[in-house]
Every structure is written in C-alpha cells, then in structure tokens.
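The values are calculated or read from the model by the stated rules, or taken from the named source; none is laboratory data. Just so you know, these numbers come straight off a predicted model, no measurement behind them. Note that each Cβ is placed from the backbone with ideal geometry, even for glycine, and that neighbours are counted across all protein chains shown.
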Amino acid sequence: MFSSKATNPKPHKIGRTALCGWLALLGHAATAGAGQVTLSWDANTESSLGGYKLYYGTSSGNYTTNVDVGKATTYTLNNLADGATYYIAAQAYDTTRTVQSGYSNQVSYVAAPAAQIAASPASGSAKAGQTVTFTDTSQGSVTSRSWNLGNGVTSTAQSASTNYSAAGTYTVTLKVTGPGGSNTATQAYVVQATQVAAPVANFTATPATGTAPLPVSFTDTSTGSPTAWSWSFGDGGTATVASPSHTYAAAGTYTVTLTARNASGSSNKTGTVTVTGSSSGGSGDGANGLVAAYGFEEPTGNTALDSSGLNNHGTLSAATRTNSGKFGRALSFNGTSAWVSVKDAASLDLTSGMTLEAWVYPQAAMSGVSGVLNKESGSGSAYGLFANAATNQAAAGVMTSTWWQLPGGTSLPATTWKHLAATYDGSLLKLYVDANPVAQGAVNGAIQVSGGALRIGGHSVLGDYFAGRIDEVRLYNRALNQAEIAADRNKPILNSLWKTSTVPANPTEPGDTSPVEVGLKFKSDVAGAITGIRFYKGTTNTGTHVATLWSVGGQQLARATFSGETASGWQQVNFATPVKIAANTVYVASYHTNVGQYAHNISFFATAGYDNAPLHALGGSGNANGVYRYSATPAFPDSSYQSTNYWVDVVFKP
C-alpha cells in the first residue's frame, strides 16, 4: 500500500463555472487475492461540485475504463485482472456535468498474481510410484510461493516434485504472493494404480518321492504377487491356500497343478509326486488294503462318495437313489443304461491281489450277464464281479494273460439281498455268496493294468447291465480271508476323516499325564448323522476315555464311554442315538483321558485343514484347530496350541 501527492498542475477553468479546486488521489489499499483496490482522495469543497470519476487502464496515462462514483471520496475497484498493473487517476465534474477538472495525480496498483499450476505428467496419467513434478506458471509478479502436494510434501520452489505411493486423488495447493497480494490455486491430481503383471506360477514339493501314505508339503514360490491359488494334487484332492499340505495314500505318479492368480491374470505350473507302494505290498489303506468303498448314503446329487480316503469318487448316470438299501440308502439300476463311473486311478489297479464286495438285490429273475463291478480294459475287463453269468450263476473274473471267469453257486433269487465277494491272491480266484465260498479256481499271473473306468452296474462296451439295487461296495488291493469278508458283510460303510491304518507321528505324549479333553473342529459338505467318535490310542494312554460331540459354541450334543479298547490303535464308540448335523456347519468332536498321554502332531493344521469328502477338519489361517481343555472330568475344549492334531475322528453317515 502506498500514497502519493498530485504532481499535475492546478485544474484549469473551463467557462464561467470552472472548478478551481485542487484534486489529489491520496492512496490505495489492495485486498489480497480479490482483484480489487480501494482508493481515496481529498474532497472538493466548491459549491458547484457535482461528483467524481475514476479513470484506469493498464498503460500509464492511457485510461480505457472509467466509473462515476458520485460525491464519494473513497471507492473500491473490483474485478481487476490478477497479476496486471493498473494506472488510476480522478477527475471532478460540476453539477451540470459540462465542466470537469483536469486529471489528478496518477497512482499505480499491481493486482495479486494469478496462481496457476502445471503438472507433468498430467492428472490421470501418472501411476503410483511414479515421480510427478508441479510447476508454478502463475501470471503476474510473484515474490514468494508455497506448495502443499496433498501427501504431506511441501515446497517453496517454483517446481515441486513428489512420488505418490498409492493410487487416489490428491489435492495440490499453490499459494503465490506478489506486491498486490496473494492468490491460491488448487488441483485435484489423480494417480492411477500401478499395473501389476500376471504372476508366474511355481512351487516346490517336499518330499517329491516316498512311500504311501506320503505326506507332502507344497510351497508356493510364484513371482508377480499372486493373490489367489488353486491346487490340484492329481488324486482328486484340491486346495486354495498358498502353501498347503497333502497326503497321498496310494502308490502312483501324480501330476500336481498350481494356478496362481492376481488382478492381471493367471498362470499354471505342473510338477509330479511319485509314491511307491506301502510296506504292506500294495497301495491303499496300508495293511487293510481298502482302495474304494461306497455306501451310497448321499441323500441327493450325482456323486457317489468314496469312503476309503483315496478319493475314488464316482458319478451316477441314470442310477437313482433309494432309502431301501441293505444298510440305509442304496442305488437302484434300471438294467438298460444305469451305472456309476469311477475314473481310472493307480489305486484301482489291483495287480497282485484283490477283493471285490457288494450287496445286490435283483429286481427279477436274471438271465444273461449282469455286471456288479467292472474295471474296464478296452472291450473287456481287468477284473469283475457279476450277479449273473451265462450259466445263470454269480461269477468273478480277472484278466491276466487271458480272461479267467469263475461262476459258482445257484442262481441268485429275485427281490432278495445277497452279499457277493470275489478274491484273488495271485494264484487262486475265489467266489463267495453271503460269506460262504461257492467256487475257487487256480489262476496264474498278475491282474492286467487298465486305464479304463471302474463301472458299477454295467459296462460301457459290453452292456452287462444290472437291474435292481446295489449297496455297500468295497474294493481291496489284497485277498481278504473268509472271516474278514463275513465281518464286512455285517458292517455298513461309514465315513471318517482318517483311515484305520493311519498312525500319528507321536502316538503318545509322555510329558503330559494330566487329565485333559482333546478334540478337533470339523464340518460336512452334506447333512447327515454322527454315529460315533474315534481316537488314536497309544500304549500308555490307559484309563477311562469318554467321547463327546459338541456344537461349536460348546453345547453338548451326545456323550459315550469307550469300552472293549485294544492296547493301541484306533478306538471307536457309537452313540446310543445318532446325532443329526447340518451341512457346512462347524462341530467339535473330543474325548477325555484321565491320564493325558494323548497322540499328537504339532502344527498339523497350521497351513491347511484335512479333507476326506464329505468331511473336512478345519485348518489354516483364521481356522484354529486342534482344541483342548485341562479338566478332571469331560469339558468343552476351547483352547488351541500350535494347531496340533490330537487324532480325534468322527463316524459319519450322510
């Protein structure tokens, strides 16, 4: 702000009423950032004074604009261009508006600079992590400036740079100050997300070879920041965590596929895991040798679940479900097109020995071949079990160097349940009806390895369709004896998480002898009933054991005390009444031991749960499993320690 005295000569008279007074602009006051200036001058006291006019322009002495302010001696000029210099003078005029004074002294005013921002790269073009430079391109005289770049960065230089670490919209502010005041400009600067490349999938498997059952730890080593993973283990098992664990129960070479994904795409990586036969001489459920088991207890759907633990699940085609099974539900076959198909797997190649079992219920007297089980091999079979052969007898067959078929017994009666079994030990083929041997014959050689599907109820080439109901189908990779067949005949197939041959890494905990409740959280894909609870017992885990089924909130649903236990191994107790459970709902199964000494594997559930469809033990991040509670009597286990598996299991019927 400044003031000045007039330097012009006195105003000259014009005519008889000339204004003789002396007019001087005294000064002005600028209003910061508003493009305006307030001026004041001495009042003219002559009686003939009519008023004043202000003249201004952007060149000295060249006034392009004027405003009549009446008799006021102060006035504010508005809407002046930011950054421009204005030259201003005043004139007085008489009451007739015909006589006016000369110009007063001239004063100048510099408007506040016009704040302007230039960005490189332009808003919306920069990616997160990229350097952005903002430049002050303000119009007018700038004596100082201040930047705020919206991310905490400030500067007073003409150009300011920053690196926005995240996508978003940032408010950039520039305040400039000059002789005429200050002005501020803002810009909404948009930063785009950095485009992430699709990941390159990769993984390691440890170990990659070994003897069944073989637990393998898979570690994701993909590059490119994947956010989702999809694993296929080659035996029907899958996982969706980054680094899962999986146990291969049967011998074979398995192709493992990892698909790694992020927002930009996905890629695949495959590898192999080679599993050799167990010490029992074959793949499958250890010494037990069970490689497939179908109770057909699923209430709906077209999947026949395999309860052996080897994931040899089947798919129904035209077969229908019935509640009139030998034990619970069964499947009904129409005799013309119905079957269950199980895709080929290494565990279904029963080269050195086999047992095939099934309950059958013919709907009418049979004639011609009616197949119960066939492992297809080209236009024939590697092995088969038949409710009726050309001789109108039940039959068994194996393909070694040639096809051997063994019929026996009398024709199976219509509308009657009969249990069929066939065994082969590498030299002798036997056929049983209702656990009684009805035929046997010498056969030489290993059973042919086949790449065909296992069919229940028919053959894709030969037909050989069965008409009636089939229930409780079992396949073993060894020849069972008569007592074992008799036991199977009277025992329904139920579902559990672990096979009876599974042995924990630590069968006992010698350092803990306190009474304790141990258990696990589980759920089922389908609704059904828990008929009992199992646990693995080490030789020092003596005393009384009590099983309890709980809701996840701690409500007791059923309880039973174990009896008739063996010295070690899997123990099972059945509830007096099966407990119905809902699908996809978490429950807790536990048992109480008054001497501690429980079986355990620390970190078993740390990275993933354990699956044996339809049952799933919870695990991985956010699904703490392996629960316990120290108590002198049975109590709800609500603590967890390092994701430990205490080897508790359920017996489930869909």
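Here are some notes:
- Filter result for Ser161 (outside any loop (DSSP other than H, G, I, E, B), over 36 Å from the mean Cα position of the chain (by Cα) and hydroxyl-bearing (Ser, Thr, Tyr)): yes
- Any hit, the range 65-72, residues being basic (Lys, Arg) and either within 11 Å of Tyr109 (Cα to Cα) or surrounded by fewer than 12 Cβ atoms within 10 Å (Cβ to Cβ) (or both): yes
- Listed conditions (1) under 20 Å from Thr184 (Cα atoms); (2) without any contact (Cβ under 8 Å) to a residue 40 or more places away in the chain; (3) of a type outside the set (Ser, Thr, Tyr) are all met by Val69, apart from (1).
- Output for the range 164-176, where each listed residue is assigned to a loop (DSSP other than H, G, I, E, B) and surrounded by 14 or more Cβ atoms within 10 Å (Cβ to Cβ): Tyr164, Ala167
- Annotation: Ala197 fulfils all but one of (1) in contact with a strand residue (DSSP E or B) (Cβ under 7 Å, 6 or more places away or on another chain); (2) of a type in the set (Gly, Ala, Ser); (3) surrounded by fewer than 17 Cβ atoms within 10 Å (Cβ to Cβ); the unmet one is (1).
- Of the residues making up the range 390-405, those that are surrounded by 23 or more Cβ atoms within 10 Å (Cβ to Cβ) and either more than 49 Å from the chain's Cα centre (by Cα) or aromatic (Phe, Trp, Tyr) (or both) are Ala394, Ala395.
- Every pair of residues 6+ apart whose Cβ atoms lie under 6 Å, when the first sits in the range 292-303 and is within 23 Å of Lys375 (Cα to Cα) while the second is modelled with pLDDT of 90 or more and in a loop (DSSP other than H, G, I, E, B): Ala292/Asn312; Thr303/His313
- The residues on offer are Gly150, Gly129, and the sole one that is surrounded by fewer than 16 Cβ atoms within 10 Å (Cβ to Cβ), part of a loop (DSSP other than H, G, I, E, B) and of a type outside the set (Ser, Thr, Tyr) is Gly129.
- Test for Leu373: is it under 22 Å from Asn436 (Cα atoms), modelled with pLDDT of 95 or more and buried (at least 16 other Cβ atoms within 10 Å of the Cβ): yes
- Counting residues in the range 531-538 that are at pLDDT below 90, among the β-branched types (Val, Ile, Thr), within 27 Å of Leu316 (Cβ to Cβ) and not in a helix (DSSP H, G or I) gives one or more.
- Filter result for Asp525 (surrounded by fewer than 22 Cβ atoms within 10 Å (Cβ to Cβ), of a type in the set (Asp, Glu) and under 24 Å from Pro654 (Cα atoms)): yes
- Residue that is nearest to Leu480 (Cα to Cα) [pool: residues in the range 410-433 that are surrounded by 13 or more Cβ atoms within 10 Å (Cβ to Cβ) and among the polar types (S, T, N, Q)]: Thr423
- Residues that are surrounded by fewer than 20 Cβ atoms within 10 Å (Cβ to Cβ) and within 16 Å of Ser165 (Cα to Cα), drawn from the range 132-147: Thr133
- When the strands (runs of 3 or more DSSP E) confined to the range 412-509 are screened for residues that are in the same structural domain as Ser370 (by TED's automatic domain parsing) and in contact with an Asp or Glu (Cβ under 8 Å, 6 or more places away or on another chain), those reaching at least 2 such residues are found at 418-424, 454-456, 467-476.
Here's the yes/no breakdown for (1) farther than 30 Å from Ala479 by Cα; (2) in contact with a Phe, Trp or Tyr (Cβ under 8 Å, 6 or more places away or on another chain); (3) modelled with pLDDT of 95 or more; (4) in a strand (DSSP E or B):
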residue: Gly234; (1), (2), (3), (4): no, yes, no, no
residue: Ser243; (1), (2), (3), (4): yes, yes, no, no
residue: Thr253; (1), (2), (3), (4): no, no, no, yes
residue: Ser267; (1), (2), (3), (4): yes, no, no, yes
residue: Gly271; (1), (2), (3), (4): yes, yes, no, yes
residue: Ser283; (1), (2), (3), (4): no, no, no, no
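- Qualifying residue in the range 584-592 (condition: at pLDDT 95 or above and outside any strand (DSSP E or B)): yes
- Filter result for Ala114 (under 26 Å from Gln192 (Cα atoms) and within 55 Å of the chain's Cα centre (by Cα)): no
- Close Cβ contacts (under 8 Å, 6 or more residues apart or on different chains) running from residues in the range 161-184 that are under 13 Å from Asp136 (Cα atoms) to residues that are surrounded by 20 or more Cβ atoms within 10 Å (Cβ to Cβ) and acidic (Asp, Glu) comprise Leu174/Asp136; Val176/Asp136; Asn183/Asp82.
- Pairs with Cβ under 7 Å, 6+ apart, first in the range 79-105 and on the phi < 0 side of the Ramachandran plot, second of a type in the set (Val, Ile, Thr) and surrounded by 17 or more Cβ atoms within 10 Å (Cβ to Cβ): Leu80/Val37; Thr85/Val110; Ile88/Val107; Tyr93/Val99
- Every listed requirement among (1) among the aliphatic types (A, V, I, L, M); (2) surrounded by fewer than 20 Cβ atoms within 10 Å (Cβ to Cβ); (3) over 30 Å from Thr351 (Cβ atoms) is met by Ile533 save one, (2).
- Taking first residues from the range 319-339 that are assigned to a strand (DSSP E or B) and partners that are basic (Lys, Arg), the Cβ contacts under 7 Å between residues at least 6 apart in sequence or on separate chains come to Arg321/Arg329; Thr322/Arg329; Thr322/Arg469; Ala330/Arg469; Leu331/Arg321; Leu331/Arg469; Ser332/Arg469; Trp339/Arg455.
- Residues of the range 381-401 classified as within 20 Å of Ser352 (Cα to Cα) and modelled with pLDDT of 95 or more, total: 11
- Restricting the range 206-223 to residues that are at pLDDT 85 or above and surrounded by 20 or more Cβ atoms within 10 Å (Cβ to Cβ) leaves a set whose member that is nearest to Thr253 (Cα to Cα) is Val216.
- In summary, Gly596 fulfils each of the numbered conditions (1) buried (at least 20 other Cβ atoms within 10 Å of the Cβ); (2) on the phi > 0 side of the Ramachandran plot; (3) over 33 Å from the mean Cα position of the chain (by Cα) with the single exception of condition (1).
- Those residues of the range 106-128 which are free of Cβ contacts under 8 Å to residues at least 24 places away in the same chain and hydroxyl-bearing (Ser, Thr, Tyr), in sequence order: Ser120
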